[in-house]
Amino acid sequence: MAIEAVIFDFDGVLADSKQTIFKIYESVCAELGIEFYDSISDFVNNLDGNYKHFYVKLGITGGKIKKANEIYKKYFMQFGQDITQFEGAKELLIKLSEMGMKIAISSNTHEFIVNTLLKRFKLDGYIDVVIGGKDINKLKPDPAQIILAMEKLGVDPAHVAYVGDMEVDMLAGKAAGVRKLIAVTYGFHTKEMLERFDPDAFADSPFGIVEKI
């Protein structure tokens with residue numbers, strides 16, 4: 001069956017945001033008086049892609065989560081200009097559009113942040129649907145975001161490729177029953193970390209995703 005739509009995670013797939021997100025979380029924890037990781041590698045190794053899971057690891061629970069989210073948004077406004085798109089991301093979306101693909105984003109990141117960056121990167125015109133972490137009260141690894149994106153695109157899972165870079169993406173994509181699950185090796189989690197989820201393909205660069213569709 002032919003692929004008709006591609007759904008992307010955002011951070012680590014289209015947006016090169018690892019260092020900035022580390023800096024934002026570091027600032028959130030400093031403001032809350034919580035010890036944070038010393039290095040980006042320790043940070044990434046303890047991050048599955050679901051910020052609520054991550055907050056629990058840091059000892060941020062209950063009502064503190066709402067406060068942490070407010071602080072996170074404040075520091076995104078301060079540091080967010082440092083986030084760039086990966087080289088080849090725009091060319092990837094142009095090519096997929098030329099191929100007639102429907103394109104969506106499914107991200108645990110707040111949709112305000114996703115939409116802000118898509119607009120700044122001038123990628124918003126290529127995206128048909130954006131589902132962010134506040135659009136639906138379920139975060140990946142729950143498949144609800146991907147399922148909602150497929151519903152909005154009007155496509156069956158048998159005709160969908162999902163592209164992600166983290167543990168939660170692999171679990172959510174499999175649970176959503178997508179035709180093809182593609183793991184990228186240039187994002188947050190390494191190929192070695194993602195291999196245990198047995199994705200259908202790996203892509204080493206944004207434009208390299210095209211040949212995996």
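The values are calculated or read from the model by the stated rules, or taken from the named source; none is laboratory data. The structure displayed is predicted, hence computed values, not measured ones. Cβ: placed from backbone, ideal geometry, glycine included. Neighbour counts: every protein chain shown.
The residues of segment 81-96 that are assigned to a helix (DSSP H, G or I) and surrounded by fewer than 17 Cβ atoms within 10 Å (Cβ to Cβ), listed by number, are Gln81, Asp82, Glu91, Ile94, Lys95. Yes or no: Gly33 surrounded by fewer than 19 Cβ atoms within 10 Å (Cβ to Cβ), modelled with pLDDT under 95 and out of contact with any Lys or Arg (no Cβ under 8 Å at 6 or more places or on another chain)? So Gly33 fails the test. When segment 154-168 is filtered for residues that are outside any loop (DSSP other than H, G, I, E, B) and either surrounded by fewer than 15 Cβ atoms within 10 Å (Cβ to Cβ) or of a type in the set (Ser, Thr, Tyr) (or both), the ones remaining, listed by number, are Ala158, Tyr162. Residue check: is Val44 touching a residue at least 40 places away in the same chain (Cβ under 8 Å), under 22 Å from Met170 (Cα atoms), part of a helix (DSSP H, G or I) and assigned by TED's automatic domain parsing to the domain that holds Ala176? Spelling it out, it is not the case that Val44 is touching a residue at least 40 places away in the same chain (Cβ under 8 Å), under 22 Å from Met170 (Cα atoms), part of a helix (DSSP H, G or I) and assigned by TED's automatic domain parsing to the domain that holds Ala176. Going through (1) farther than 25 Å from Thr190 by Cα; (2) outside the structural domain of Ala149 (by TED's automatic domain parsing); (3) among the hydrophobic types (A, V, I, L, M, F, W, C); (4) loosely packed, with under 15 Cβ neighbours inside 10 Å one by one, Met99 falls short only on (2). Restricting segment 169-185 to residues that are surrounded by fewer than 21 Cβ atoms within 10 Å (Cβ to Cβ) and among the aliphatic types (A, V, I, L, M), the residue that is nearest to Glu4 (Cα to Cα) is Ala175.
When residues in segment 178-198 are screened for being farther than 25 Å from Thr84 by Cβ and either under 16 Å from the mean Cα position of the chain (by Cα) or assigned to a strand (DSSP E or B) (or both), 2 of them pass. Note on segment 127-138: among residues that are at pLDDT 95 or above and crowded, with 18+ Cβ neighbours inside 10 Å, the one that is nearest to Phe54 (Cα to Cα) is Ile131.
Inside segment 140-194, residues that are out of contact with any Asp or Glu (no Cβ under 9 Å at 6 or more places or on another chain), without any contact (Cβ under 8 Å) to a residue 12 or more places away in the chain and either under 30 Å from Ser39 (Cα atoms) or of a type in the set (Asp, Glu) (or both) make up a count of 3.
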